[in-house]
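The values are calculated or read from the model by the stated rules, or taken from the named source; none is laboratory data. As the structure is a prediction and not an experimental result, all values here were calculated from the model. Neighbour counts run over all protein chains shown; Cβ positions are idealised from the backbone, glycine included. Just the protein is used for accessible areas: all its heavy atoms, side chains included, with ligands, DNA and RNA removed. Shrake-Rupley method; radii C 1.70, N 1.55, O 1.52, S 1.80 Å.
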Amino acid sequence: MTTSAPRRFEDKVVLITGASSGIGEATARAFAAEGANVFLVARRADKGESVASSIRDAGGSAVFHQADMAQRLQIADMVKACVEQFGGLDIAFNNAGIDGVFGLHTTEHPEDVWDELLAINLTGVWMCMRHEIPEMLRQGGGSIINMASMAGVKGFPGSSGYAASKFGVVGITKAAALEFAPQGIRVNAVCPAVIRSDMAERVFGTEDAEKEATAAAWHPIGRIGEASEVADVVLWLASDQASFVTAETIKIDGGLGA
Ligand code: NAD
């Protein structure tokens with residue numbers, strides 16, 4: 001007997017921010033493989049266009065849209081463009097984010113980096129929800145997944161700006177989930193530990209085998225995670241299989257936070 005891959009998102013419209021690389025890219029590919037129309041958003045047009053076109057080459061439906069999550073008007077335009085393109089919005093993965101600085105104490109954290117972290121990682125997610133939720137209300141429901149981090153549920157020294165932004169994401173996820181649960185909009189957050197990506201390379205140097213081994217040892221499971229392992233959880237949260245799950249923050253951390 002041949003088994004075919006599930007197509008849980010046939011004709012669903014999925015907006016993904018930060019889709020030009022890493023976790024966002026892996027998630028875009030996974031949604032497209034299950035039949036979704038994927039609206040990819042990022043700042044880097046060349047990378048974003050190339051991810052979208054490779055999804056189309058593989059038979060998927062994907063469009064790239066350039067927007068900066070630090071620019072509120074661009075976020076409003078992004079949601080409008082998605083609805084114009086695909087006729088609605090069923091699922092949003094608000095994933096775009098930056099690392100800022102790691103390793104500096106709270107007393108030394110640069111003010112401009114703090115402001116940028118909050119603008120992109122927290123205010124950006126808030127603005128996304130501000131514009132996504134009205135579209136979802138118009139069509140009678142939807143599912144939002146916000147990107148937090150293990151640094152959004154657990155303290156790590158030397159990360160106060162990033163922590164502020166990601167703890168904030170967990171907070172606004174719960175608030176919005178409770179506000180819109182009666183109208184059929186589920187809002188959840190994912191909290192990965194170290195996941196192989198450009199960001200992990202920048203922060204932890206994971207392309208170097210020795211540094212990767214150091215990072216791997218922080219996780220009881222004995223390795224760092226892969227972007228596809230985050231995508232799997234995001235797709236589950238977005239699917240009907242998670243229909244009774246909202247206001248949740250799911251750790252994807254190989255046991256690190258236990
Ligand atoms: P990445 O650097 O590969 O991806 C980040 C994505 O966000 C890129 O597509 C980038 O272009 C985009 N982006 C950044 N600033 C943007 C802006 N102002 N406007 C639009 N797009 C912007 O790294 P990643 O690991 O895939 O990161 C994705 C998310 O996962 C981030 O929010 C990050 O904080 C979070 N995260 C990552 C890890 C990890 O270890 N990799 C762990 C926990 C959480």
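Structure summary
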item: Among (1) under 20 Å from the mean Cα position of the chain (by Cα); (2) more than 30 Å from PRO182 (Cβ to Cβ); (3) surrounded by fewer than 20 Cβ atoms within 10 Å (Cβ to Cβ) - the single one LEU104 does not satisfy; result: (1)
item: Residues satisfying the stated conditions in region 52-74, i.e. near the ligand (Cβ under 9 Å from one of its atoms) and either free of Cβ contacts under 8 Å to residues at least 24 places away in the same chain or of a type in the set (A, V, I, L, M) (or both); result: ALA67, MET69, ALA70, GLN71, GLN74
item: In region 112-134, residue surrounded by the most Cβ atoms within 10 Å (Cβ to Cβ) [restricted to those that are of a type in the set (Asp, Glu) and over 23 Å from LYS80 (Cβ atoms)]; result: GLU116
item: Every residue from region 218-239 that is away from the ligand (no atom under 15 Å from the Cβ) and farther than 23 Å from ALA92 by Cβ; result: PRO220, GLY222
item: Close pairs (8 angstrom Cβ cut-off, 6 or more residues apart or separate chains): assigned to a helix (DSSP H, G or I) in region 143-171, of a type in the set (D, E, K, R) and open to solvent by less than 10 Å² (accessible area, probe 1.4 Å) anywhere; result: ALA151/LYS166; GLY152/LYS166
item: ILE133 part of a strand (DSSP E or B) and more than 11 Å from the ligand (Cβ to nearest atom); result: no
item: Evaluation of GLY103 against (1) among the small types (Gly, Ala, Ser); (2) at pLDDT 95 or above; (3) more than 9 Å from the ligand (Cβ to nearest atom) (one fails), failing number; result: (2)
item: Residue list for region 178-224, restricted to those being closer than 24 Å to GLY18 by Cβ and among the hydroxyl-bearing types (Ser, Thr, Tyr); result: SER197, THR206
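Condition check ((1) open to solvent by 70 Å² or more (accessible area, probe 1.4 Å); (2) out of contact with any strand residue (DSSP E or B) (no Cβ under 6 Å at 6 or more places or on another chain)) across all residues:
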| position | (1), (2) |
| --- | --- |
| LEU15 | no, no |
| PHE31 | no, no |
| PHE39 | no, no |
| ALA42 | no, yes |
| LYS47 | yes, yes |
| ASP57 | yes, yes |
| GLN71 | yes, yes |
| VAL79 | no, yes |
| PHE86 | no, no |
